[in-house]
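Quick note: the coordinates plus some simple rules give every number you see, no bench work behind them. Small disclaimer: the values here were computed from a predicted structure and weren't measured. Glycine gets a Cβ as well: all are built from the backbone with ideal geometry, and neighbour counts include every protein chain shown.
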Amino acid sequence: MTTECAFEGNVIDAVTTGSWTESLRGHVGSCEDCAAAAEVGPWLSRFAGLDEREHILPDPTVLWLKAKLLRTSSAVERAALPITRLQIAAYLIIAAGWAAMLTWKSAALQAWVNHFSPGHMILGVTGPEASASLSISVIVAIFALASATVGVAMHTILAEE
Amino acid sequence: MDEPAFEAFYRKTAGGIWSYIYRMTGDAAMADDLLQKTFFRFIRSSPGITDEDHLRRYVYKTATNLVFDHFRETKRERTSEIDWMPSEVRPDRGDLRHDIARVFSDLKPQERALLWLAHVEGNSHEEIAEAIGVKSKSIKVMLFRARKRLGEMLTKKGLAPEVTR
């Protein structure tokens, strides 16, 4: 049998209140579920009645407001999700751009950086390095990447604020 | 549900739910936290139920899920006795409350839920099944086993159940 005994609720009530009837006592003698309930019931009643320290429950008004705020903030998070994804994509594209630039133009960039070293500036080294310069297209590309990096970073900071 | 209706419902049910969570976890702060989460979920989901009894069952189900999640997350299905017990019933106090709390803490979370819902909340098997997320037909056997286990534990610890029959 998997169905609840029809008297189980009455037995639990009788255990709690102590109001037993003869028929209920008789039933407990013949029903093992109700017998088990009657056996541990008084103990559980005592356990439930243990004096818990006086507990102050959270104020329902505060809970209501908090829940509404949480609901609003999660709605904002949901709305901001596409923007966050776009930002991540922008960061990835910019990083890839910088990586490509540094890989393809590493020699020219290295020569250009060396151009500003003290050796070049003070001693006036002559040779191929002395005339190192960056092509207009590289300068434009660096400027574009730097602008994009600053732009995306500013957008992230302002969006968070 | 609007705010006044929520407030009225909360005042009726929150005390019982707090006690339930507290007896399940043995931690008053955790009970506060899970009680708030329970009602946050309740407000957020705005269940389209008008019957108060159904709403109450819905909240108990949410609370039970949160308590079970808590046990799963902390992997503390069988919490240590001292951790479990509220400070006012720890062994050094040496009173009956300590023994009672200790025995209850030795039960599995699902057994605690079954026994509390059946005996303290007076729920039917169907209501218990809904709260703990099992088939209604399984409750009879599960509850019988939980009662037997509790009876055995009480006998073992010299706190044999009183036979009222």
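With a point put 7 Å past each Cα toward its Cβ, work out how far B:ASP2 is from B:ASP69 in nm, to one decimal.
Placing both labels 7 Å along Cα→Cβ, they lie 3.0 nm apart.
Name the cysteines of chain A that stand alone by the Cβ rule: no other cysteine Cβ under 4.7 angstrom.
For chain A, the answer is A:CYS5, because their Cβ atoms have no other cysteine Cβ under 4.7 Å.
Among all the lysines, which ones have a C-alpha under 26 Å from B:LYS12's C-alpha, if same-chain residues fewer than 8 places away are not counted?
Qualifying lysines at Cα under 26 Å: A:LYS66, A:LYS68, B:LYS37, B:LYS61.
For an R0 of 22 angstrom, estimate the FRET efficiency from the Cβ-Cβ distance between A:ALA6 and B:GLU152 and round to the nearest 0.05.
Working: r = 27 Å, r/R0 = 1.22.
That gives a FRET efficiency of 0.25.
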